[in-house]
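As structure tokens, the structure follows; a few thoughts come after it.
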Amino acid sequence: MSAVEVLDARFDAEPDHWPELTARAGLRADWSWPVLAAQAWAARVPQLVTVLHGSEGPTGVVASGFVGPTTRRHRFVGPRRAGGLGGLDVRAPGTSAVPGWWFDTDDGHGGVHRLLAEFLPGIRRELGAGVCAALLRQVPEEALPLLEKRGRLVRKTEPLAHLRAVGDRDAWLATLPRKRRQHLRRLFDTIDDDPTTTVRTGGAVDPTRAAELLRVNLETHRDVPIIPLPQFTGQLTALLARPDVFTIAYTDPRDDTLLALGVLLDHPELPLARHWSALPEDEGGRPGLYFHFYGELMRWLHDTGRPRVSLGKKMVDLKRSMGAEFTDQYAAALPLVGLALLGLP
């Protein structure tokens, strides 16, 4: 039986094992302890980090939110630790593009077997039997035989998109349908030649200005009442300070207005396009910057040698027209009352 350590970055100092664990697991910048702490203080619900320990050290880590009966859309997390009656929302910190767990061995089910056999019983031992349900997000298809049992609700959700590196921007354009290729070439020429729009990859971005801009996109896609979280300056300050975070910023050089911003979380195999937002045209924004951003992503992949980049969910048809490929994912709601009776491993 694995020993379980349940941490809340609001109250708990960074564990000694954390840098080694995150490096070994290949966790991205949003798992750094300062970022987790800043996010946790601005959350709607307690954000838990559960570390599973074996005889020789950590063997897994799971991120989850604890959703209780007092949770409200416009109320921030209370001053107490998680516990009592509630359920677990198992997901990566602040993103729906990658699973919220890592284990040191392959269980053949994308880690879901170990979630069921080790994480869920372990966290209930720590928090109490009031933890009566769990929602698992970003479940891979190979885990479905474990989950499709009586008493569980499994649903297919929006697929995850990723864009493969195929060379520089021109090489990527050559792979696209003719109509889309012609549209992008005209757009790229227009933006690249526009003296009122400067594109810069890397370099410092003021977190306050970034937070203000990113909230534009948040308001546009506000469809989940509890998480993802709004963007706060403290969280972005910690995130943008990381050396493995890159920005693609569009500014107006005449007054340094931040027109649009993309934030990339680096990773050797699958970097993540974590944030994107742009000023609306009626507030001084430029048309077509989101499309131009794809061209800059391809340049960044080419320059860094990364094989692909995750584009997250939503806008499937648009992303497919830009050359994205898709992976199916599922969500599973599990009642946890009477674990043995429900057939949890």
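The values are calculated or read from the model by the stated rules, or taken from the named source; none is laboratory data. No experiment lies behind these values; they were computed from the predicted model shown. So basically every Cβ, Gly included, is an ideal-geometry build from the backbone, and we count neighbours across all protein chains shown. We work out accessible area using only protein heavy atoms, side chains counted, and drop any ligands, DNA or RNA first. Shrake-Rupley method; radii C 1.70, N 1.55, O 1.52, S 1.80 Å.
With a simple spin-label model that places each label point 7 Å from the Cα along the Cα-to-Cβ direction, the separation between Ala333 and Thr233 comes to 3.9 nm. Over segment 236-345, what is the relative contact order in whole percent, taking alpha-carbon pairs under 8 Å and six or more residues apart? Rounded, it is 18 percent for segment 236-345. Evaluating 6.51 cos²θ - 1.76 cosθ + 1.60 at θ = phi - 60° for every residue in segment 161-171, the Karplus couplings come out as 9, 9, 10, 7, 6, 10, x, 7, 4, 5, 5 Hz, glycine and proline recorded as x.
What you get for the chain, charging only the Cβ of Lys and Arg (+1) and of Asp and Glu (-1), is a dipole of about 1160 debye around the Cα centre. Arg286 sits among other residues whose Cβ lies under 10 Å from its own Cβ, and their net charge, with Lys and Arg +1 and Asp and Glu -1, is -3. Structure remark: mean-square fluctuation, Gaussian network model of the chain, C-alpha springs under 10 Å; the largest value among His17, His109, His275 belongs to His17. Going through (1) 20.0; (2) 23.0; (3) 21.4, the figure that equals Kirkwood radius over Cα pairs in Å as computed for the structure here is (3). Extension gain for the segment Arg81 to Glu142, taken as residue separation times 0.36 nm less the Cα-Cα distance, is 18.5 nm to one decimal. Packing, as the average of other Cβ atoms within 10 Å across residues, places the peptides 278-286, 46-54 in the order 46-54, 278-286, highest first.
Mean sequence separation of contacting Cα pairs (under 8 Å, at least six apart), scaled by the length of the chain, corresponds to a relative contact order of 22 percent. Counted by Cβ distance under 15 Å from Gly295, the other residues give a net charge of +2, where Lys and Arg count +1 and Asp and Glu count -1.
The residues packed around Thr105, meaning those with a beta-carbon under 14 Å from its beta-carbon, carry a net charge of -3 if Lys and Arg are +1 and Asp and Glu are -1. Rounded to the nearest 10 degrees, the inclination of helix 289-304 to the longest alpha-carbon principal axis of the chain is 80 degrees. For the residues Gln39, Gln182, Gln235, a GNM of the chain with alpha-carbon springs under 10 Å puts the largest fluctuation on Gln182. Of the residues Asp266, Asp189, the one with the largest accessible area comes first in the ranking Asp189, Asp266, computed with a 1.4 Å probe on protein heavy atoms. For segment 100-167, a crude dipole built from +1 on the beta carbon of Lys and Arg and -1 on the beta carbon of Asp and Glu, taken about the Cα centre, is about 360 debye to the nearest 20. For Phe76, the accessible surface of its heavy atoms amounts to roughly 100 Å² (probe 1.4 Å, protein chains only, rounded to the nearest 10).
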